[in-house]
Amino acid sequence: MQNKNIFLTYTVTTGSTVAAHFVWRDSSQRKETYHRIDTMQFSSRRKKPVSNFQADLYGHGVQFYGQPPVENISLAEFETFAVDRLKLLKTVENLGVSYVKQSEQYNKKLDAEFKNLSFPYRTDTDDRKSQSGPSDYEKRRKDHISHFILRLAYCQTEDLRRWFIQQEVDLFRYRFNDLDPQYKLEFLHRNNLQYDTISTEEKKNLKNKLINSSYSLSGISVEAQDFYKVPFQDALDLVRTRKVYLKAGYVYIPHQDIVTIVLNDFRTRLSKALALTARSLPAVHSDERLQPLLNHLSHAYVGQDYSIQKNIGKISLEQIDSLSGKSFPLCMRQLHQTLRENHHLRHGGRMQYGLFLKGIGLSLEQALQFWRSEFIRGKVDADKFDKAYAYSIRHMFGKEGKRTDYTPYSCMKVILSNPPSQGDHHGCPFRHSDPELLKQKLQFYKVSPSGINQILELVKGMHYQLACQKYFELTHNIEDANFSLNHPNQYFIESQKVLGGGKDIKRETDTPQRSQENTVAKGTAAARDAAPNASQNLAEMIEELDSFFEDA
């Protein structure tokens, strides 16, 4: 029986990850053959015991990710780890805007997500296998490897790097603050963060100034904890908020606030590591098997699959105009308005809007009728439409070409892929529109001035999906949407729930859920089932893998 796996190794220079090397092992022959990118890695079939290096690496629940993984992992594990961490980071992003960071609600919800996805969330170093799930060692291994996988996926553009750094920093802050003081000190020592503590005599001389300038400190707490003398440029956040005593270019930081310094260090290290990884990507992208996987990971959608319909054909063409004003997200509302005004959309707009309409229940016959009736009102006659445009609509529904049943675009795909150019109207208005034009558009749709300001603030902070969610709340007159918006079709369904009417068009509540990890699992199973077939070659296997992520 054939057995094909991808293994992952890293090379390290000056303590930073420079490149990731993937090794393809084909054991379908009697002698194992290794195909490589840049570096060849051999591994034994026998499972190796945990090395001292790994035991030391995973001896603490929080780390700087300075040392890359040195073990081999299977393709299935690679995909599962990446998707789970992506879910965790998206949860961190949503909670960071919806709640005050480090508040009780924030910590409670993030703690639940750690447990759900089997990531380390407590300081217990006991490596015994618990009855309810993976051991601490397994959780820390998953945390470590998944971080480096997403580094590869999110180092490719400035926007991706900025998003990844922010979420990882917020995640690190939560973990570090959750450590007991003894574990915080242990972490500092493990990572060679040798900050100088002031002497007892100096602390006594500065006691009143430390109390007056340091947040929530009393005479007793000053005496009970260490203070660190740090160059002020390493603690700009604390200086800006006037939470520390500043003297002669140095700040005096209580041990309870040392997290600010550690976070700055973590951010700097991660930023440099991502830049180094980005420069090494051509070596990875030269292998056509890996480039699609990494690209799709950076655009991955891990929510409900809206390609599976139970209400197909239950929406009439006469309802679309009304629904566009009530239940369409802004991206689809502007596409619909442009189509009605110009009687034409370019390919990017047709794909984005056409798949959205398919997702809310438009049948193939209705779609052909809808697009034909609109296009022939412009410069396209019926004969030209049938020859030039009808094929692409049937292709969209999986009736032509390779018969792929295309999935409606997620928010991440709309935001990050195929940005609109001059004359295009697709994309995300919150991401791709000039702020002044976006403001005019929101005013036209009668969003209140205060609401517009809230949306523009979110856009300024690059929280595009949260800006859309705020638009939902304002246009539906509700305080809290009580969901995390990740998909235009999700917006439509939630809108119909709020409005409470339109039973003929409301998506059924038992719509199957198919998250990204289900797709991964099916893909891996399909590859295993196909393994006994001797005609299955490497190119076909990768083509199947690419198709699993194609419409994420």
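The values are calculated or read from the model by the stated rules, or taken from the named source; none is laboratory data. Predicted model only: the values in this text are computed from it and were never measured. As a convention, Cβ positions derive from the backbone with ideal geometry for all residues, glycine included, and neighbour counts pool all protein chains shown. Areas reflect the complete protein model, heavy atoms only, side chains present, ligands, DNA and RNA absent. Shrake-Rupley method; radii C 1.70, N 1.55, O 1.52, S 1.80 Å.
Table for the structure above
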quantity: The range 161-181, subset among the polar types (S, T, N, Q) and either assigned to a loop (DSSP other than H, G, I, E, B) or closer than 19 Å to L466 by Cβ (or both), residue least open to solvent (accessible area, probe 1.4 Å); calculated: Q167
quantity: Among (1) out of contact with any strand residue (DSSP E or B) (no Cβ under 7 Å at 6 or more places or on another chain); (2) modelled with pLDDT under 85 - the single one I258 does not satisfy; calculated: (1)
quantity: Tally of residues being open to solvent by 60 Å² or more (accessible area, probe 1.4 Å) and closer than 20 Å to L95 by Cβ across the range 433-486; calculated: 7
quantity: Residue that is nearest to F164 (Cα to Cα), among those in the range 84-110 that are touching a Leu at 6+ places or on another chain (Cβ under 8 Å) and among the hydrophobic types (A, V, I, L, M, F, W, C); calculated: L89
quantity: The range 166-178 residues that are within 19 Å of K272 (Cβ to Cβ), paired with ones that are open to solvent by 10 Å² or more (accessible area, probe 1.4 Å) and basic (K, R) (beta carbon under 6 Å, 6 or more apart); calculated: V169/R267
quantity: Those residues of the range 138-160 which are buried (at least 19 other Cβ atoms within 10 Å of the Cβ), among the charged types (D, E, K, R) and under 13 Å from S298 (Cα atoms), in sequence order; calculated: R151
quantity: Hits in the range 182-203 (condition: open to solvent by less than 50 Å² (accessible area, probe 1.4 Å) and part of a helix (DSSP H, G or I)); calculated: Y183, K184, F187, L188, K203
quantity: Members of the range 374-410 found to be closer than 30 Å to Q469 by Cβ, open to solvent by 20 Å² or more (accessible area, probe 1.4 Å) and modelled with pLDDT of 90 or more, listed by number; calculated: Y409
quantity: Residue within the range 226-237 that is free of Cβ contacts under 8 Å to residues at least 40 places away in the same chain, part of a loop (DSSP other than H, G, I, E, B), within 16 Å of Q194 (Cα to Cα) and open to solvent by 40 Å² or more (accessible area, probe 1.4 Å) present; calculated: yes
quantity: So F430, is it at pLDDT 95 or above and either under 18 Å from the mean Cα position of the chain (by Cα) or open to solvent by 50 Å² or more (accessible area, probe 1.4 Å) (or both); calculated: yes
quantity: From K229, K209, residue being over 30 Å from K108 (Cβ atoms), over 40 Å from the mean Cα position of the chain (by Cα) and not hydroxyl-bearing (S, T, Y); calculated: K209
quantity: Lone unmet requirement of (1) open to solvent by 70 Å² or more (accessible area, probe 1.4 Å); (2) farther than 21 Å from R162 by Cβ; (3) modelled with pLDDT of 75 or more; (4) not in a loop (DSSP other than H, G, I, E, B) for R269; calculated: (2)
quantity: L416 in contact with a helix residue (DSSP H, G or I) (Cβ under 8 Å, 6 or more places away or on another chain), touching a residue at least 60 places away in the same chain (Cβ under 8 Å) and either surrounded by fewer than 17 Cβ atoms within 10 Å (Cβ to Cβ) or not charged (D, E, K, R) (or both); calculated: yes
quantity: Scan of the range 66-100 for residues that are open to solvent by less than 20 Å² (accessible area, probe 1.4 Å), among the β-branched types (V, I, T) and not in a helix (DSSP H, G or I), ordered by number; calculated: I73
quantity: Any hit, the range 277-294, residues being of a type in the set (A, V, I, L, M), modelled with pLDDT of 85 or more, open to solvent by 10 Å² or more (accessible area, probe 1.4 Å) and not in a loop (DSSP other than H, G, I, E, B); calculated: yes
quantity: Count - residues of the range 238-258 that are surrounded by 18 or more Cβ atoms within 10 Å (Cβ to Cβ) and β-branched (V, I, T); calculated: 4
quantity: Per-region count, the range 129-149, residues at pLDDT below 85 and under 10 Å from F119 (Cβ atoms); calculated: 1
quantity: Failed condition for N107, given (1) within 27 Å of N191 (Cβ to Cβ); (2) more than 19 Å from the chain's Cα centre (by Cα); (3) in a loop (DSSP other than H, G, I, E, B); calculated: (3)
quantity: Tally of residues being over 23 Å from Y464 (Cα atoms) and open to solvent by 10 Å² or more (accessible area, probe 1.4 Å) across the range 309-361; calculated: 18
